[in-house]
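The values are calculated or read from the model by the stated rules, or taken from the named source; none is laboratory data. Predicted, not measured: the structure shown is a model, and the values here were computed from it. Cβ placement follows ideal geometry from the backbone for every residue including glycine, while neighbour counts extend to all protein chains displayed.
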Amino acid sequence: MKKSTIILIAVVVVIFLMISSVIGKYNNMVTMEEGVDAAWSQVENVYQRRADLIPNLVATVKGYAEHEQETFTAVTEARSKVNNINLEGITNNPEAMKNFQASQGQLSGALSKLMVVMERYPDLKANQNFLDLQAQLEGTENRIAVERNRFNKAAQGYNTVIRRFPGSVYAGMFGFDRKAYFEAEAGSEKAPEVEF
């Protein structure tokens with residue numbers, strides 16, 4: 001073989017290896033960038049889950065509080081009605097006695113409902129819904145932490161690849177930019193106050 005043919009083959013092999021290296025690095029960066037994007041999508045997904053749960057949780061609590069309020073209102077009204085009845089001569093007036101008994105029956109019914117609420121509080125469907133939603137919200141908060149951690153790890157791997165030599169050269173050539181890490185906001189160490 002001629003010397004020029006050997007040099008030509010060597011140059012072709014070197015060019016092939018360089019192109020293969022560039023293609024491999026490029027494809028690796030694309031794969032890692034897609035991994036970072038997928039990890040962020042999961043972070044957004046769990047945030048959306050939390051956003052979807054909160055109105056249900058609030059509605060359940062409000063619905064339950066409204067149920068309790070209705071019972072307390074019924075008891076208060078029935079008690080007020082009983083207290084406003086004039087008891088003078090009631091035993092001599094069948095109509096007054098009938099009204100009195102009806103008022104007492106309403107108060108007894110309202111008190112019975114209140115006792116049922118108080119006795120069965122843990123078993124009420126609304127309360128169970130609240131507990132279920134609360135557990136789902138707690139689970140979602142844990143998922144958020146896990147997904148943020150996965151995102152940061154994916155971003156760290158990607159950032160490391162595009163910042164190390166020769167990846168930094170290829171990243172600059174192909175426009176791969178550094179990914180930001182999830183960082184907690186100032187004051188996020190304090191739990192938010194939720195008012196119902």
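Taking into account only those residues within the stretch 125-180 that are part of a helix (DSSP H, G or I) and among the basic types (K, R), which is farthest from V43 (Cα to Cα)?
This residue is K125.
Exactly one of these conditions fails for F174: (1) at pLDDT below 85; (2) under 30 Å from G24 (Cβ atoms). Give me its number.
(1) is the only condition that F174 fails.
Have a look at E147, E141 and point out the one that is closer than 21 Å to Q48 by Cα, in contact with a Lys or Arg (Cβ under 9 Å, 6 or more places away or on another chain) and at pLDDT 70 or above.
It is E141.
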